[in-house]
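A short reminder: the numbers here are calculations on the coordinates, not readings from a lab. Please read these numbers as outputs of a predicted model, since none were measured by experiment. Note that we place each Cβ from the backbone using ideal geometry, even for glycine, and neighbour counts take in every protein chain shown.
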Amino acid sequence: MSIIESLHVKGFWRSQDLVEASVLDLVRQVGHVSREAEVLEPRASGEARDWSLSRHYGLRAFPWHTDGAISRHPPRYVALYARSVELGGATTDLLDVQARSSAQFFETVKSCVLRGCDSVGRPVIRRAYEVLEGSPCIRWDRRVFSVDAPRVRRAEDLLNRLQASHSVDWRDGMLIIFDNWRFLHRRSDVRPDEKRTLLRFYIH
Ligand SMILES: O=C(O)CCC(=O)C(=O)O
Ligand SMILES: [Fe+2]
């Protein structure tokens, strides 16, 4: 199955033993890459960029979220490449909202309205589910959006009971690409001395 077919059918594609120089070409087969790769490294919250997940969670686990959840048009695909990782280090989990086991969560999310604030404190309201360009798109990020509304809290409770659809044990040279409109993802906690450098591309 080609990368595109795999992403359309399974929403997920992975490969390994790739040299970094080959990654951009692969990622560009999927769509438009909007900016340079971001370098993701674990940081204690006091040392992290504003608005990053590390700023909020530091080395602790990042809970289930989608990337760019606050944006009107979140990136369709996210590619993560392991530039340099330690074996047995933090994992990245993925959750397919279209999986049968996610059905109750997905149904609940469909009617959730998310209220939060952008990076300069302006109020933002977004639907947790909408159809964009003919495809279902979910948004979730409780760092940005409050979980006070009963329906949102219920969705969060259901979410926290679900098992990951995939768990990525990183090795140098691994690349994963996933549909950020269909999958939530999370990171486990990171040891304080753990070296872990991933590259991230947003694909539209
Ligand atoms: O480091 C990871 O495994 C994922 C990081 C992530 O999801 C993020 O920074 O948005
Ligand atoms: Fe993320």
Q. Treating the beta-carbon of each Lys and Arg as +1 and of each Asp and Glu as -1, no other charges, what is the dipole magnitude of region 3-203 about its Cα centre, to the nearest 20 debye?
A. 720
Q.
Let's see if you can work this out: charge +1 on each Lys and Arg Cβ, -1 on each Asp and Glu Cβ, no other charges. What is the dipole magnitude of region 42-160 about its Cα centre, in debye to the nearest 20?
A. 300
Q) What trypsin sites (Lys or Arg not before Pro) in region 117-204 are in a loop by DSSP, with at most 13 other Cβ atoms within 10 Å of the Cβ? A) ARG161, ARG171, LYS195
**Q.** Stokes-Einstein D for region 121-204, Kirkwood Rh over Cα pairs, 10 °C, 1.306 mPa s (µm²/s)
**A.** 100
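About its Cα centre, what dipole magnitude does region 103-196 give when the only charges are +1 on Lys and Arg Cβ and -1 on Asp and Glu Cβ, stated in debye to the nearest 20?
Dipole about the Cα centre, nearest 20: 260 debye.
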Q) Once the Cβ-Cβ distance between CYS117 and ARG49 is put in as r, and R0 is 22 Å, what FRET efficiency do you end up with, to the nearest 0.05? A) 0.80
Q. What share of all Cα pairs of region 3-203, in percent, falls into each consecutive 5 Å distance bin?
A. 1, 7, 15, 20, 21, 18, 12, 5, 1, 0
Q. What's the extension gain from ARG28 to LYS195 if we count 0.36 nm per residue and subtract their Cα-Cα distance?
A. 57.4 nm
**Q.** Alpha-carbon radius of gyration plus Dmax, which is the widest Cα pair, for region 7-112 in Å
**A.** 15.8, 43
Q.
Let's test the formula: R0 of 35 Å, r as the Cβ-Cβ distance of ARG153 and GLU5. What FRET efficiency results, to the nearest 0.05?
A. 0.40
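Considering all alpha-carbon pairs of region 83-166, what whole percent are spaced by more than 18 angstrom?
Tail of P(r) above 18 Å: 52 percent of Cα pairs.
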